[in-house]
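Colleague: Could you have a look at this structure, given as structure tokens, before my questions?
Please treat every number below as a calculation from the coordinates, not as lab data. Computed from a predicted model, the values in this text were never measured in an experiment. Note that we place each Cβ from the backbone using ideal geometry, even for glycine, and neighbour counts take in every protein chain shown.
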Amino acid sequence: MAFWNRWVSIRAEGGSRVDLIDRLQAHLKAGGLKSKITNESSSVKRIHVLKKDLDQAKALLDAFDKEH
């Protein structure tokens, strides 16, 4: 099964906000979710979660956005 069949992108950041992707990954991991980061270019990172965990990831993403 290909990477894109199981994983869905939930956020992309570039420039000075790239570090938020790493902090978001730590937040998702603390919530019990697996995630992967891909580099779109030298200045853009994208974070992905498993499709089956998308609803839980959205809730954690909302909580993360309220903190930051």
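Colleague: Report the relative contact order of the chain, percent, no decimals, based on alpha-carbon pairs under 8 angstrom and at least 6 residues apart.
Modeller: Relative contact order for the chain comes out at 37 percent.
Colleague: Another question, if that's okay. Which peptide among 48-61, 9-22 comes first, and what is the full order, when sorted by highest mean count of other Cβ atoms within 10 Å?
Modeller: 48-61, 9-22
Colleague: Between (1) 18, 17, 8; (2) 19, 12, 10; (3) 63, 4, 4, which matches semi-axes √(5λ) of the Cα gyration tensor in Å calculated for the structure shown?
Modeller: (1)
Colleague: Separate question: Could you pull out every one of the aspartates and glutamates with an alpha carbon less than 15 Å from that of K45, ignoring same-chain neighbours closer than 8 positions?
Modeller: Correct list for K45: E13, D19, D22.
Colleague: So which lysines pass the test for K52, namely a Cα distance under 19 Å, with those fewer than 8 places away in the same chain ruled out?
Modeller: Reachable lysines: K29, K34, K36.
Colleague: Considering only the other residues whose Cβ falls under 13 Å of the Cβ of R46, what net charge follows from Lys and Arg at +1 and Asp and Glu at -1?
Modeller: Charge balance near R46 sits at +1.
Colleague: Counting Lys and Arg as +1 and Asp and Glu as -1, what is the net charge of the other residues whose Cβ lies under 11 Å from the Cβ of A12?
Modeller: So the environment of A12 carries a net charge of +2.
Colleague: Among all the lysines, which ones have a C-alpha under 16 Å from K66's C-alpha, if same-chain residues fewer than 8 places away are not counted?
Modeller: Partners within reach: K58.
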